[in-house]
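Colleague: Got a structure here, written out as structure tokens. Questions coming.
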Amino acid sequence: MTQESVLILTLAGAIGTGTPLVFAAIGGVISERAGVINLGMEGMMLIGAVTTFLVVNKTGSPLLGFIAGGIAGALLALIHATLAISLRANQIVCGLALTIFGTGLASFIGKPIEGAGLEKSFSKLKIPFLSDIPAVGPVLFKQDGLVYFSWFVALLASLYLNRTRTGLSLRAVGENPATADAMGLSVVRMRYAHVIIGGLLAGFGGSYVILRIVPAWSQAGTTNGIGWIALALVVFASWRPLRVIGGAYLFGVALQANFALQAKGITVIPAEFLAMLPYLLTVVILVVLTANRRTRGAGAPAALGLPFVRDER
Amino acid sequence: MIAARHISKSFPGVLANQDVSFDVSAGEVHSLLGENGAGKSTLAAILTGLYQPDAGHVELNGARVALKSPRHGLALGIGMVHQHFRLVSQFTVAENISLGDRKQNWILSTKKVEDAVREIGERYGLPVDPRARISELTVGEQQRVEIIKTLYRGAQILLLDEPTSVLTPQEVTTLFDSVRTLASEGKSVIFISHKLGEVMDISDRVTVMRDGKVVGNTAVADTSREELARMMVGRDVDLSAIRATKPAGAPLLEVRGLTAKSARSHVSNASIVVKAGEIVGIAGVSGNGQRALAEGIAGLTPLIDGHVTICGTDVTSKGSIAARKAGLSYVPEDRNGTGLAPSLSISENMLLTEDLPFLVNHKSAVAKAEEAITTYSIKTPGASTATRMLSGGNVQKVLLARELGHDPQVLIVSSPTWGLDVGAVEFVRSKLNELRSQGRAILLISEDLDEVRALSDRIYVIFEGKIVMECPGEGADVTTLGLAMAGASA
Amino acid sequence: MEIPLKRRALAVVAGVTAVLLAACSSSSSSSTAAEEAAPAVEKLKVAFVYIGVPGDAGWTYMHDQGRLEMEAALGDQIETTAVENVPEGPAGKKTFEDLARQGYKLIFGTSFGYMDPMLEVAAAYPDVKFMHATGYKTAPNMGTYFGAAEEARFLAGMIAASVSKSGRLGYVAAFPIPEVVRGINAFELGAQAINPKATTKVVWTSTWYDPTIESKAAQSLLNAGADVLAQHQDSPATGQAAEEVGARWLSYNSNMQSLAPKAWAGGPGWDWGPFYIAQAKAVIDGTWKSEQYYGNMKDGMVKLFGPAEDVPADAAAAVKAAQDAFIAGTAAPFDGPILDQAGKTQVAQGATAPMDALMSMQYFVKGVQGTIAK
Ligand SMILES: Nc1ncnc2c1ncn2[C@@H]1O[C@H](COP(=O)(O)OP(=O)(O)OP(=O)(O)O)[C@@H](O)[C@H]1O
Ligand SMILES: [Mg+2]
């Protein structure tokens, strides 16, 4: 074993655990910033996971698997977009339907690989020099390539939303679609594009679970609800990509806390309670954030969940 | 410069535009005048590419163009400032102006836009801080942003849909200066308004619409207010002052030391009396506590201090139902919201404030709604149309019909003629006058000084939540009132 | 014009949902097979009721493997179906009833919580035989079955101690029930047979399958210094976590070598096939009777996968010798003397823990670090 301290190991581990959440929640941020809630996230993660598994075992390339997982998530998101944007169906209803559909579909196409093992995956990539920095190095720079990629995605998403022309349009579409429309932006096209990007990222999140957390496929058990946590994280991060990273890693640490205490032999707090801790923590932080006047509703897109109809007065 | 050629447009049950043609030349300010629901906003929407005409077409500099979208229109130099602003209130001014501008680099640089905003602001007298968030700006400033937005995109033709209805008299003057500068640079301005004085003041030519058709087109120099009013409604209108003919009776509404808060409005220690057979005006620039005052009286917001008595019943902080029972009706200015449920039909909206039996009799409600539609000449396909589908002025008529239908002892009306055409204004005024002669008490809250002066027997001026002046309506001096409204007399 | 559009959209959503639901249920292969009313040739219809899905390479997977073995062995004589994702408790009752009504004559329920519903349905269908895994209630037409996994757990503990450098082992435990506690104790006792100083640190996850959580639990044990991990859940997340840092891993249920090839050192598991075949034959022959069957390594219900190639030869030989002794009946995992964590004697020198003590085990043996929540 290495000689790193438990704290460093815990933090490093939290990053791995948080990474699927980072991908999925940034996907959620992008889709919701365009005004479309995506409750189908869990389904998209599962589809991403199963596709990755199949493609890796077929081609032997984890990279191809990862990309395919994202595409699968994006395809499922396309269905959501069609229902929610073109047909103006209730976003909550069709998101839920999509989670059910995604779960069922993933189980169906995953039949042949039940009980099989993933044949190839990524391993950790030490970044030279940076990984030698004490404390910071082992926490941040001894991760796998996908973790670095997730940071890149978050940074890119943040710059995209805040610093680019398209990002500005995207935000306008989520805040006030009638205005965006009047400014000649295509609300429909913008929403489609970003719901699909959201699905792509959710698919990546699912891929990560298969590639780096559990190398086997077990239907809904594979993600076991982290899609919903990602959804909560979107709110917790007040729809900001960089905050998503903080929230996801915090969740990772909180998950670890339960077992770290148990492993240390500290048993005054019952395990059942500790098992609730990460969720409780998320709720508490949400409540605190909402109680604070200045951060209340910060970032919540004004037109979130509302279909856009031009002719309506 | 821009012309409409035989344009027709219909909505389910309505012919909003019918064979409409008109011309606007460069450097001209052209007014579109017409009753509520005449089709002005619809025509403007077609000229900018927001709606597609069912028949006919738009011509630009003599060439036929098919405007596909507002973006397309803007690219061709046609910009519009809507009745309801199209701004993202969470964005800054510069961000709103950058929105949808394809000439921008993909990586935004707000600096350039900010400079441009300042420059346009200076040139046309439209000062605004480019870094301010829209939600922090006054309505007048927001309107400037809308105008700058179109100018920034190089608009040569500017459509303004009822731009003055949200402005204070001072702001109207500044806006008109800007419009004149624009025209002097060869830009065309299409100006939609109900206020004949303004139309006479600012425009070169006027096109009058009625029931979706053009009924007249004339140079301002060749016409008069009265003639325009006649063209609009098809008969003579009389908007001269009307006063009580009988002496006022016993006080029906007594407000003592009222202090209340509502949304962003507050009023402190206001005392008001309205007697039977009296119209009392509350003059003031909007946002000076009118809303808190009205809602405090109507029981919609709890009083912090003070007393309200309606027809001898003390209704202080007893809620809106008690106030209603005591004989009060309240017509708020925020029509589709506080006043009406926008998605409900006209007949359902008429029912909202009634003491309903458990089972609603829809038939009689529809009959009642239909009666109101005729007496108030509401333009609508039918009683079952949702009120949000109606034009701005017609929404107000529905609300008035409902509230006056209760035959209230005490009536509070807030900006009752805001956005109404002259015919409707005349109708509302005569309605209020009729109530007065029946011995009812009316509290008229309005920013429109002309209206307050024309109707009121007594006038209070409200400024920053306080009643700062009281005077008789007969012979009230505009300047004195104006100064008091601006807080100068205190 | 916008109202019909909304209606249409709703209809589409409803339609899509229906398709999806259909997709979900068709993936659980089962019930449709049950309705294909094949003309009643004298085929024995056998049903399996699963708490989860076979896809997990874990508990349900192994039962389903057993079902397939049975089909292969008995061919035409039988016809089987499997119903997945059946909830425990009263909610599961309907499934058993449906199966009995559809003419299934032998029904296996593979989760503890099916006990009471099965008992009720068994009373209503006396001509149907019910077999309940891991339970303890019986009826004239309902028996129970389980196996002495502790034998294989003990051997896994021996392997773990032999590949551990530090003697500090970790155990990712599921729920604090006797079955799990028994496994942990057997594991530690086996480890002590190789290295008397070996300790086993336990963390509870309160999950049967949740990779995210189980991998966190595994990481905590590794961070706390364990270099070999064992587990009771169905997901291989623990193996992945061990593989990641070069630690070792003892899997459970099935042969999970391929899931973390470098970490894998072996693992206890099941083979339900022979038992299922024997049960079906007994029903066909008319010799079936209600019993509480407890399988073991001798009859093959309990198995040890491994040891892995790189386990030292002498250790592998010791494992083999212990296994032979279990099979021969000359030794048992819970042979005394056994002390609990507090140092109190639970099984005396020369004695062996009796069956009921195993079935209700609620203490940790000395050397286990952790507590059992009550
Ligand atoms: N999107 C729409 N759907 C249905 N009816 C509409 C729609 N837009 C306008 N109408 C109807 O078309 C007619 C003309 O409306 P328009 O808004 O053009 O009137 P306007 O002249 O601007 O009136 P106002 O002075 O009251 O604003 C009205 O009867 C209105 O109810
Ligand atoms: Mg209008």
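Colleague: Does the range C:204-233 hold any residues that are acidic (Asp, Glu) and within 7 Å of another protein chain (Cβ to nearest Cβ), and which are they? Explain how you work it out, then say what you get.
Modeller: Taking the range C:204-233 and keeping what is acidic (Asp, Glu), we get C:210, C:214, C:227.
C:210, C:227, listed by residue number.
Residues are listed down the side, and each one gets a yes or a no for (1) part of a loop (DSSP other than H, G, I, E, B); (2) under 25 Å from residue B:309 (Cα atoms); (3) of a type in the set (Phe, Trp, Tyr):
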position: B:411; (1), (2), (3): no, yes, no
position: B:423; (1), (2), (3): no, no, no
position: B:427; (1), (2), (3): no, no, yes
position: B:433; (1), (2), (3): no, yes, no
position: B:445; (1), (2), (3): no, yes, no
position: B:474; (1), (2), (3): yes, no, no
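Colleague: Taking into account only those residues within the range B:44-74 that are away from ligand 1 (no atom under 15 Å from the Cβ) and among the aliphatic types (A, V, I, L, M), which is modelled with the lowest pLDDT?
Modeller: B:74
Colleague: Does the range B:154-172 include one or more residues that are touching a residue at least 24 places away in the same chain (Cβ under 8 Å), within 14 Å of chain A (Cβ to nearest Cβ), polar (S, T, N, Q) and away from ligand 2 (no atom under 16 Å from the Cβ)?
Modeller: The answer is no; no qualifying residue exists.
Residue by residue, here is whether (1) modelled with pLDDT under 90; (2) more than 12 Å from chain C (Cβ to nearest Cβ); (3) surrounded by 19 or more Cβ atoms within 10 Å (Cβ to Cβ) holds:
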site: A:29; (1), (2), (3): no, yes, yes
site: A:32; (1), (2), (3): no, yes, yes
site: A:44; (1), (2), (3): no, yes, yes
site: A:65; (1), (2), (3): no, yes, yes
site: A:76; (1), (2), (3): no, no, yes
site: A:112; (1), (2), (3): yes, no, no
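Colleague: Just to be sure, is residue B:434 assigned by TED's automatic domain parsing to the domain that holds residue B:333 and without any contact (Cβ under 8 Å) to a residue 24 or more places away in the chain?
Modeller: When the stated conditions are applied, residue B:434 passes them.
Colleague: Taking the range B:182-194, which residues are crowded, with 18+ Cβ neighbours inside 10 Å and either more than 16 Å from ligand 2 (Cβ to nearest atom) or not aromatic (Phe, Trp, Tyr) (or both)?
Modeller: Matches in the range B:182-194: B:182, B:183, B:187, B:188, B:189, B:190, B:192, B:193, B:194.
Colleague: Still on this model: Take the residues of the range B:388-402 that are over 16 Å from residue B:426 (Cα atoms), near ligand 1 (Cβ under 10 Å from one of its atoms) and not basic (Lys, Arg): which is modelled with the lowest pLDDT?
Modeller: B:392
Colleague: Same structure, new question: Cβ-Cβ under 6 Å, sequence separation 6+ or interchain: first residue in the range C:281-309 and of a type in the set (Val, Ile, Thr), partner assigned to a loop (DSSP other than H, G, I, E, B). Which pairs?
Modeller: C:302/C:148; C:302/C:296
Colleague: Do you know which residues across the range C:141-176 are assigned to a strand (DSSP E or B) and away from every other protein chain (no Cβ under 14 Å)?
Modeller: Selection gives C:142, C:143, C:144, C:145, C:146, C:147.
Colleague: Filter the range B:16-34 down to the residues that are of a type in the set (A, V, I, L, M) and either within 22 Å of the chain's Cα centre (by Cα) or near ligand 1 (Cβ under 8 Å from one of its atoms) (or both) and list them by number.
Modeller: Residues satisfying the conditions are B:16, B:29, B:32, B:33.
Colleague: Does residue B:89 satisfy being surrounded by fewer than 22 Cβ atoms within 10 Å (Cβ to Cβ), away from ligand 2 (no atom under 16 Å from the Cβ) and not in a strand (DSSP E or B)?
Modeller: Yes; evaluated as a whole, the condition is true for this residue.
Colleague: Search the range B:388-409 for residues that are closer than 14 Å to residue B:375 by Cβ and within 14 Å of chain A (Cβ to nearest Cβ) and pair each with any residue that is among the β-branched types (Val, Ile, Thr) and near ligand 1 (Cβ under 8 Å from one of its atoms) when their beta-carbon atoms are under 7 Å apart and the residues are at least 6 apart or on different chains.
Modeller: As it stands, the answer is B:394/B:380, since those pairs meet every condition given.
Colleague: Could you count how many residues in the range A:162-173 are part of a helix (DSSP H, G or I) and in contact with a Phe, Trp or Tyr (Cβ under 9 Å, 6 or more places away or on another chain)?
Modeller: Our first condition is that a residue be part of a helix (DSSP H, G or I); within the range A:162-173, this holds for A:162-163, A:165-173.
Add one more test, that the residue is in contact with a Phe, Trp or Tyr (Cβ under 9 Å, 6 or more places away or on another chain), and what stays is A:165-168, A:170-173.
Number of matching residues: 8.
Colleague: Another question about this same structure. Looking only at the range C:125-159, count every residue that is over 29 Å from residue C:306 (Cα atoms) and among the small types (Gly, Ala, Ser) and tell me the total.
Modeller: 2
Colleague: Of the residues that sit in the range C:190-202 and are surrounded by fewer than 24 Cβ atoms within 10 Å (Cβ to Cβ) and touching a residue at least 12 places away in the same chain (Cβ under 8 Å), which one is farthest from residue A:16 (Cα to Cα)? Please lay out each step first, then the result.
Modeller: Taking the range C:190-202 and keeping what is surrounded by fewer than 24 Cβ atoms within 10 Å (Cβ to Cβ), we get C:192-197, C:199, C:201.
Retained after the next criterion (residues that are touching a residue at least 12 places away in the same chain (Cβ under 8 Å)): C:192-195, C:197, C:199, C:201.
Values: C:192: 34, C:193: 37, C:194: 35, C:195: 34, C:197: 33, C:199: 28, C:201: 23 Å.
Filtering first and then ranking leaves C:193.
Colleague: Anything in the range B:18-59 that is away from ligand 2 (no atom under 16 Å from the Cβ), under 17 Å from residue A:184 (Cβ atoms) and surrounded by 15 or more Cβ atoms within 10 Å (Cβ to Cβ)? List them, or say none.
Modeller: From the range B:18-59, those away from ligand 2 (no atom under 16 Å from the Cβ) are B:18-19, B:21-30, B:49, B:52-59; that's our starting set.
Narrowing the set further to residues that are under 17 Å from residue A:184 (Cβ atoms) leaves B:49, B:52, B:58.
Scanning the range B:18-59 gives B:49, B:58.
Colleague: I need a count of the residues in the range B:412-421 that are under 14 Å from residue B:162 (Cβ atoms) and of a type outside the set (S, T, N, Q).
Modeller: Matching residues across the range B:412-421 total 4.
Listed here are the residues, each with its yes/no results for (1) within 16 Å of ligand 1 (Cβ to nearest atom); (2) among the charged types (D, E, K, R); (3) within 12 Å of another protein chain (Cβ to nearest Cβ).
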position: B:3; (1), (2), (3): no, no, no
position: B:36; (1), (2), (3): yes, no, no
position: B:42; (1), (2), (3): yes, no, yes
position: B:96; (1), (2), (3): no, no, yes
position: B:100; (1), (2), (3): no, no, yes
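Colleague: Here's something else I'd like to know. Scan the strands (runs of 3 or more DSSP E) fully inside the range B:1-47 and keep the ones with 3 or more residues being β-branched (Val, Ile, Thr) and touching a Ser or Thr at 6+ places or on another chain (Cβ under 9 Å).
Modeller: Output list reads B:14-24.
Colleague: Specify the residue that is farthest from the chain's Cα centre (by Cα); the eligible residues are those in the range B:119-167 that are over 23 Å from residue B:71 (Cα atoms) and within 16 Å of ligand 1 (Cβ to nearest atom).
Modeller: Only one residue tops the list, namely B:164.
Colleague: Go through (1) within 19 Å of residue C:199 (Cα to Cα); (2) in contact with a Leu (Cβ under 7 Å, 6 or more places away or on another chain); (3) among the small types (Gly, Ala, Ser) one by one and return the number of the condition residue C:322 breaks.
Modeller: (1)
Colleague: Between residues in the range B:411-422 that are assigned by TED's automatic domain parsing to the domain that holds residue B:450 and residues that are within 16 Å of ligand 2 (Cβ to nearest atom) and charged (D, E, K, R), which pairs lie under 7 Å by C-beta distance while being six or more apart or on different chains?
Modeller: B:419/B:162; B:421/B:35
The values are calculated or read from the model by the stated rules, or taken from the named source; none is laboratory data. Being a predicted model, the structure only gives us computed values, none of them experimental. Quick reminder, even Gly has a Cβ in these numbers, built from the backbone with ideal geometry, and neighbours come from all protein chains shown.
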